[in-house]
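Notes for the one structure printed next.
The values are calculated or read from the model by the stated rules, or taken from the named source; none is laboratory data. It should be emphasised that the depicted structure is a prediction, and the values quoted were computed from it without experimental measurement. Cβ placement follows ideal geometry from the backbone for every residue including glycine, while neighbour counts extend to all protein chains displayed.
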Amino acid sequence: MTPVDRPLISGAWKRPDAGVPVAVVTGAGRGIGRACAEALARAGWRVALLARSRRELESAAGRIGEQGGQALACPVDVSHAQEVAGVLDRVRNTLGPPLCLVNNAAVVEPVGLVESVDPAAWRAAMDVNLFGPFLLAHTVLQDMREQRVGTILNLVSGMGRRVFPRFSAYSVAKAGLIHLTRVLAAELEGTGITVNALDPGLVDTRLHERLRGLPADVVGEEMLENLRALHRQGALKPAESVGRWVSGFISGGRALEMNGRVGTLAEFREGKGVPAPA
């Protein structure tokens, strides 16, 4: 790797008698999560990759290893407390205490009218999209408090900021994650630990591809046409660009200078966002 590929991690992350800092990324087998994990590894972080697919995680970890980074593949269901606790013990023992958490894992389905979706599937989506991030934060905060530094970045969505009919499970969970970001930020004010939320916007991921393939009577004709038009027009940004931004935001120390921010890439660049309540 060249120096450009591997920028120095900000001195704000250096701890006495500590080695290379450790980041935990969920949904790291593909898409935005994998892009974030690879970019953080290029910046010099040791990265724990969490997702349900062992095959995808091992592929991502192998790629990071080929590039000179260090990654640990950790198959896990982020909505199961016992599994999460076991995986974080493995991360601590293998890589070290995590100082960074990127909560990215999410599922978009079930999609459909509230009256027609499967309640069990709706609850399962909430477990992954909202309870999972809570559970990961609950677990890693003990390490961050001991080190007196840390950051959590929650990946949210415009669907959690505006009303999108037929996407109740995903949008309500993302709205909850936005508010969890603000609550955690207020609780952690002054501790050296920060919590922010990024809405990456329209990204070319498997989730977006899956939505474009659903029937019109499930997604809604107007929504389906909009999704397909965005793809045809090349309006979806690559996941790699989001990964590079996340790595720069965290590695450069800017993530430690902001707390309780919720915004798009543009809003973060412009210094805007929603601060934590006083």
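Out of all the residues in the stretch 236-249, is one or more in a helix (DSSP H, G or I) and at pLDDT below 75?
no
Do you know which of the residues in the stretch 150-169 that are touching a Lys or Arg at 6+ places or on another chain (Cβ under 7 Å) and not hydroxyl-bearing (Ser, Thr, Tyr) is modelled with the lowest pLDDT?
MET159
What number of residues in the stretch 158-201 are surrounded by 20 or more Cβ atoms within 10 Å (Cβ to Cβ), farther than 17 Å from LEU130 by Cβ and hydrophobic (A, V, I, L, M, F, W, C)?
The number of residues fulfilling the criteria is 2.
Any chance you could count how many residues in the stretch 176-213 are within 22 Å of VAL140 (Cα to Cα) and part of a helix (DSSP H, G or I)?
The total comes to 13.
Here is a list of conditions, (1) surrounded by fewer than 19 Cβ atoms within 10 Å (Cβ to Cβ); (2) closer than 30 Å to VAL218 by Cα, and PRO110 meets all of them except one; can you say which number that is?
(1)
Could you identify the single residue in VAL172, VAL128, VAL140 that is modelled with pLDDT of 95 or more, under 24 Å from TRP45 (Cα atoms) and of a type in the set (Val, Ile, Thr)?
Criteria check complete, one pass: VAL140.
Among the residues of the stretch 15-32, how many are at pLDDT 75 or above and either outside any loop (DSSP other than H, G, I, E, B) or surrounded by fewer than 23 Cβ atoms within 10 Å (Cβ to Cβ) (or both)?
Number of matching residues: 10.
Taking the conditions exactly as written (without any contact (Cβ under 8 Å) to a residue 60 or more places away in the chain and within 18 Å of CYS74 (Cβ to Cβ)), does ALA137 satisfy them or not?
When the stated conditions are applied, ALA137 passes them.
Can you say whether ASP217 is surrounded by 13 or more Cβ atoms within 10 Å (Cβ to Cβ), at pLDDT below 95, closer than 25 Å to SER168 by Cα and among the acidic types (Asp, Glu), as far as the supplied structure shows?
no
Give all pairs with beta carbons closer than 6 Å in which a residue from the stretch 107-131 that is free of Cβ contacts under 8 Å to residues at least 40 places away in the same chain meets a residue that is of a type outside the set (D, E, K, R) and surrounded by 15 or more Cβ atoms within 10 Å (Cβ to Cβ); count only pairs at least 6 apart in sequence or on separate chains.
Every condition considered, the pairs that remain are ASP118/PRO110.
Only residues that are within 18 Å of the chain's Cα centre (by Cα) and either under 11 Å from ALA48 (Cβ atoms) or crowded, with 23+ Cβ neighbours inside 10 Å (or both): list them for the stretch 80-98, please.
Of everything in the stretch 80-98, those that are within 18 Å of the chain's Cα centre (by Cα) and either under 11 Å from ALA48 (Cβ atoms) or crowded, with 23+ Cβ neighbours inside 10 Å (or both) turn out to be VAL87, LEU88, VAL91, PRO98.
Out of the stretch 33-50, which residues are outside any helix (DSSP H, G or I) and in contact with a strand residue (DSSP E or B) (Cβ under 7 Å, 6 or more places away or on another chain)?
Of everything in the stretch 33-50, those that are outside any helix (DSSP H, G or I) and in contact with a strand residue (DSSP E or B) (Cβ under 7 Å, 6 or more places away or on another chain) turn out to be TRP45, ARG46, VAL47, ALA48, LEU49, LEU50.
Conditions: (1) part of a helix (DSSP H, G or I); (2) without any contact (Cβ under 8 Å) to a residue 40 or more places away in the chain; (3) over 16 Å from ALA105 (Cβ atoms). LEU57 meets all but one. Number of the miss?
Condition (3) is where LEU57 drops out.
For the stretch 233-244, indicate whether the set of residues that are more than 18 Å from LEU101 (Cβ to Cβ) and crowded, with 19+ Cβ neighbours inside 10 Å is non-empty.
Yes, the conditions are met somewhere in the stretch 233-244.
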